[in-house]
Amino acid sequence: MSKESPGPTPGFLVWRLANKWRVAVDRAVAPLGLTHAQYVLVGSLYGMRRTGERPSQRRLADHTGLEALYVSKLARALEAAGMVERTRDPRDPRAVQLALTERGADVAERAVAVVQELLQRLLEPLGGLDAERTRAFTDELTSLLDVPLAPPVPHDPST
């Protein structure tokens, strides 16, 4: 909170909303054997699969906004659970491609349906998932996400 603002700052509200929704998704997908972060991966792979894409771990990290190392860790856990297949990219032996297994696609399809139902409830104050206010909210969030992170300013103790 700041002195200029009588209420919570936008950053605080975004943080609170992100945490609230993360917890809600965690609870919703837990019966399917997924965490929210794992859902982000299988849901993204599910969507990419529908367009014929078989992404590398790096591409999936860029798509989801997760760190590449974290995507690698999640992919290994999902592979151990029989939901994801990790293979070397024939065009780049350093890269690992990810794909859903049949089991992973089944879980992803069910998880997407569960999360869509959850989003409908969470977005009800804006009129629901397909409402004009929700589209405007999505546009505003996209604008904020499109702003690049500023390069860090080195700390100079002499100034």
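The values are calculated or read from the model by the stated rules, or taken from the named source; none is laboratory data. Bear in mind that the values here come from a model prediction, so they are computed numbers and not experimental data. FYI the Cβ positions are ideal-geometry reconstructions off the backbone, even for glycines, and counts take in every protein chain you see. Accessible surface is based on the protein model in full, side chains and every heavy atom, while ligands, DNA and RNA are left aside. Shrake-Rupley method; radii C 1.70, N 1.55, O 1.52, S 1.80 Å.
Summary table
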read-out: Per-region count, segment 57-97, residues of a type outside the set (D, E, K, R), part of a strand (DSSP E or B) and modelled with pLDDT under 95; value: 5
read-out: Failed item, numbered, when Asp92 is tested on (1) open to solvent by 40 Å² or more (accessible area, probe 1.4 Å); (2) under 15 Å from the mean Cα position of the chain (by Cα); value: (2)
read-out: Selected residue (criterion: most open to solvent (accessible area, probe 1.4 Å)) from residues of segment 14-48 that are under 17 Å from Val71 (Cβ atoms) and outside any helix (DSSP H, G or I); value: Thr35
read-out: Condition met for Ala108 (surrounded by fewer than 15 Cβ atoms within 10 Å (Cβ to Cβ), over 23 Å from Asn19 (Cβ atoms) and among the hydrophobic types (A, V, I, L, M, F, W, C)); value: no
read-out: Which numbered condition Leu129 fails, given (1) in a loop (DSSP other than H, G, I, E, B); (2) in contact with a Leu (Cβ under 7 Å, 6 or more places away or on another chain); (3) closer than 11 Å to Leu41 by Cα; value: (3)
